[in-house]
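Before any comments, here is the structure.
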Amino acid sequence: MKTILVLNGPNLNRLGLREPGVYGHQTLVDLENTLHEEAAKLNAQVICKQSNHEGQLIDWIHEYADDVAGLVINPGAFTHYSYAIRDAIASVSYPVIEVHISNVHARETFRHHSVTAPVTKGQIVGLGLQGYHLALLALLSEGDKS
Ligand code: CA2
């Protein structure tokens, strides 16, 4: 059974509590529950974690290196400036998909650039929480391509 790690970065524990116009009404717990359900239907499992701390996210990226078939990560604002998270992603061999709930390109200029995206397999932006599900599907179908 494949295991996919799902990491959410700073402030994403506030999902559903503020700014529903940008991030929707679902909470982080709602998101994680639906990802667990989705993974189970696909005979897989997810490990979901959230931290507001850069070092903790980096530790998890390293810690699961031998155990997971891929990583879905929303690095939050770290996306735009954390070379440390970029280097952590580059240091592991499993595929990584970066997800952003909002359309960062339609927001402030500082959100337009991702320092982490170049070391990921791909990026999903602006599709709301569906982005996490699409990333999960893509990682679980890795190796199915002809
Ligand atoms: O769109 C995304 O998923 C972001 O990664 C979210 C980050 C932001 O810094 C990125 O530019 C884009 C911020 C997450 C904050 O989440 C909140 C959730 C509810 C209420 C307030 C903030």
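Rounded to two decimals, what is Rg over Rh for segment 1-72 when you use alpha-carbon atoms and the Kirkwood radius? Don't jump to the answer; show the numbers that get you there.
Numbers: Rg = 13.1 Å, Rh = 13.0 Å.
Over the Cα atoms of segment 1-72, Rg/Rh equals 1.01.
Could you tell me whether segment 71-115 comes out rounded, prolate or oblate from its Cα gyration tensor? Rule is a ≥ b ≥ c as square roots of the eigenvalues, rounded for a/c under 1.5, then prolate if a/b exceeds b/c, otherwise oblate. Walk me through the numbers before you get to the answer.
Numbers: a/c = 3.08, a/b = 1.69, b/c = 1.83.
Because a/c hits 1.5 or more and a/b fails to exceed b/c, segment 71-115 counts as oblate.
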Per principal axis, largest first, the Cα atoms of the chain extend in Å by 39, 31, 31
Residue-ordered couplings for segment 75-86, obtained by feeding phi - 60° into the Karplus form 6.51 cos²θ - 1.76 cosθ + 1.60 and rounding to whole Hz (Gly and Pro as x), are x, x, 5, 4, 3, 8, 8, 8, 5, 5, 5, 4
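Skip the ligands, DNA and RNA, and give the accessible area per residue of the chain with a 1.4 Å probe, whole Å². Could you put the intermediate results ahead of the total?
On the way: 7350 Å² over 146 residues.
With all protein chains present, the chain gives 50 Å² per residue.
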Carbon plus sulfur, as percent of the 1.4 Å-probe accessible area of segment 84-146, comes to 52
Of the convex hull enclosing the alpha-carbon atoms of segment 98-146, the direction-averaged projected area in nm² is 3.9
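The values are calculated or read from the model by the stated rules, or taken from the named source; none is laboratory data. These numbers were taken from a predicted model, which means no experiment stands behind them. Accessible surface areas use protein heavy atoms only, side chains included; no ligands, DNA or RNA. Shrake-Rupley method; radii C 1.70, N 1.55, O 1.52, S 1.80 Å.
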